[in-house]
Amino acid sequence: MGMSQEAQPKHWLDRFVNKLMLSGKQRFVISGGMAPAGPIHIGKIRGEVIYPSAIARELSKKGFEVEHIVIIYTQDPLKAKEPLVTKQFIEQWKGIRILNVPDPWGCHSNWVDHFMEPYLESYEAYGITAKPVYTHESYKHPRMQEAVKQFIEKREIARNILNKYKGGKLEPTWFPIKALCEKCYNILDTKVTKYYPEKGIIEYTCPRCGYKGITSLDNAKLEWRAEWVSLWYTYKVDIELYGKDHAAAGGSRESCNELIRELFGIDPPEGFAYEWVSLIKDGKREEMGSSEGVSFDIDEWLRVGRPEVLKYWYFVMKPLAHLDFDPAKTIPTLHDEYDRAERIYFGVEEPAEKDMIIDIKRAYELANDGKVPEKIGIQIPYLLMAIIDQIVPEGPSKLSEAIKRLQRTGHIQSNLTSNDLKIIEKMLSKSGYWARKYAPESYRITILSSVPQNIKSKLNNEQIAFLKELYPMLKTWTESDYLKLESALYSLIRQVNIKSQDAYKALYMILLGKPSGPRLASFMLAVGLDKVLKLINDVIEIS
């Protein structure tokens, strides 16, 4: 009996889990795929391991037995493109199994180790529950051996199915498998010339080096759709999500669903499609892709932010929402959105759209792997932390000096725990790294020691009059609340009848030497009003 409309959970992930629970199964195998064709980027982990890890946790909580794996495609040929590696490297190694391709940068034993190490060192921080399974080992699995034989022996059925979706491209001589050349390790375009079913071996030729040989079925690679289906069969996969490229009508997922039904007599895994994450760089949008090196790597995210912040983005958005990632803008924005979600979760703030409250709260829980903090943690705007990291000198007293400035702005109080100090130190490090590597020009901060003449000469009479009125106000200012200072600035701007952009420009010019910068009130408090007053005094010459 189905659930009533009222009883249906509101969040999309919970609705999917509910569907699984109604299947009658007590055990689920969840799978995903990771091809180390290049850097493992944050877009790839969205649907391959982040969503599946949440599904695995939810099913386990509800008493189901769950096995969660991620297939690492190590039996693949090199498919790298420029600019990830040079044209010469591609020409030298194209088609070679990536396990046998050297690390172009010379820091690991091979291509796979180079690109898998950041994932293997980072995945636990993201709460990923998947156990890595490598395809070069999978081909030795008894069920995979069965599946390979099934595809070879029923290749005519497989060919007819695939030709329905591929437009009749496969010839009657087609073999669904490529041997790994024993001489040059080519696995892209070797040609099977004969199959010996009683021995489970294949005869092949290699067009790359001219070698002719005989090899076993575990020393080969199935055509990728045949491989996908065979891995489902091998590991008895119940759930696997898929990228939007596989989701189109008549696409690869549909053809694989038919293959597993016709060749193995079993149903395909449950799943849903998810969209790509695009990288915005220099104003241009490109879909993240490992082989091209268009990537924001998963270990790089951990240098700029908290994993739960990225995960919140993925969970609050629907899987088929296309996401644009601009490191200069998206990183600080996502941290602020996560903090807002935390305030909404604890009832401190209401969402702008009331009907989003359930999605926001549930996404916050899922982002924290169901382990929600007991109370709101320290919340400091990411951009403010980036500024403070830049204006506080490096050294042993950096943290204590940063805390003093945050107390001036009113963002933290004096009764900090040791855990609070660790959190602030991490936030300072991550936001500072972002500022140095990704921040737009307006957030790259160097405070002037004095106001040079060329800047003074650019200020008009209205701006100087505003600074003269501002000086005594700041001289007597004692509040540690940037919002109150912001309000006082607005009032003064109206009082002296100057355009707000002209007033702000004057302050940015004398503080930074450029016409724009970070949010002004909190910035001034972080810098210190004594320093601000000194620079104003340079202009208005009050002794």
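All of the numbers you see were taken from the coordinates with simple rules; none came from a lab. Bear in mind that the values here come from a model prediction, so they are computed numbers and not experimental data. Cβ: placed from backbone, ideal geometry, glycine included. Neighbour counts: every protein chain shown.
In order along region 295-311, the phi-based Karplus estimate (6.51 cos²θ - 1.76 cosθ + 1.60, θ = phi - 60°) of 3J(HN,Hα) comes to 8, 10, 6, 5, 6, 5, 4, 5, 7, 10, x, 8, x, 5, 5, 5, 5 Hz; Gly and Pro are listed as x. Helix 357-367 and the long axis of the chain differ in direction by around 70°, with both axes built from C-alpha atoms. Remark: relative contact order (region 382-442) = 54 percent; criterion is Cα-Cα distance under 8 angstrom and separation of 6 or more residues. Rounded to the nearest 20 debye, the dipole magnitude of region 403-505 is 360 debye, with +1 charges on Lys and Arg beta carbons, -1 on Asp and Glu beta carbons, and the Cα centre as origin. Applying the Karplus relation 6.51 cos²θ - 1.76 cosθ + 1.60 with θ = phi - 60° to region 61-73 yields 3J(HN,Hα) values of 4, 8, x, 8, 7, 10, 10, 10, 10, 10, 7, 9, 7 Hz, where x marks Gly and Pro.
Net charge of the neighbourhood of L170, taken over other residues with C-beta under 13 Å away and scored Lys/Arg +1, Asp/Glu -1, is +3. If I measure Cβ to Cβ between cysteines in the chain, which ones have no partner under 4.7 Å? Unpaired cysteines in the chain: C107, C256.
May I ask for the net charge around Y139, where only other residues with Cβ less than 10 Å from the Cβ of Y139 are counted and Lys, Arg are +1 while Asp, Glu are -1?
For residues surrounding Y139, the net value is -1.
Put a plus charge on the Cβ of each Lys and Arg, a minus charge on the Cβ of each Asp and Glu, and nothing anywhere else: the dipole of the chain about its Cα centre is then about 540 debye.
Expressed as a rounded percentage, what relative contact order does region 277-367 have, with Cα pairs under 8 Å and six or more residues apart?
On the way: 81 pairs, mean separation 28.2, N = 91.
It comes to 31 percent, rounded to a whole number.
Residues whose amide H lies under 5 Å from that of T193, counting only those 5 or more places away or on a different chain, are E203, Y204, T205; hydrogens are built 1.01 Å from N in the peptide plane. Arranged from fewest to most other beta-carbon atoms within 10 Å of their beta carbon, H114, H322, H246 become H322, H246, H114. The HN-Hα couplings worked out from phi for region 125-140 by the Karplus form 6.51 cos²θ - 1.76 cosθ + 1.60 (θ = phi - 60°) are 5, 8, x, 6, 9, 6, 8, x, 10, 9, 5, 5, 8, 4, 5, 8 Hz, whole numbers, x standing for Gly and Pro. When you work out D = kT/(6 pi eta Rh) for region 382-442 at 10 °C and 1.306 mPa s, using the Kirkwood radius from C-alpha pairs as Rh and the Stokes-Einstein form, the result is 134 µm²/s.
Rounded to the nearest 20 debye, the dipole size of region 453-540 about its Cα centre is 240 debye, using +1 on the Cβ of Lys and Arg and -1 on the Cβ of Asp and Glu. Shown here: Rg and Dmax of the Cα atoms in Å, derived from the displayed model; of the candidates [x] 29.4, 100; [y] 47.8, 182; [z] 28.2, 104, it corresponds to [x]. A simple packing score, the average count of other Cβ atoms within 10 Å per residue, orders the peptides 470-480, 63-73 as 63-73, 470-480, with the highest score first. A cut-off of 5 Å between modelled amide H atoms, ignoring neighbours fewer than 5 places along the same chain, links K281 with E286.
Here's how it looks for I40: its modeled amide H is under 5 Å from those of I298, which are all 5 or more places away or on a different chain. At what distance in angstrom do the alpha carbon centres of region 188-237 and region 35-102 lie from each other? Taking the Cα centre of region 35-102 as reference, the centre of region 188-237 is 21 Å away.
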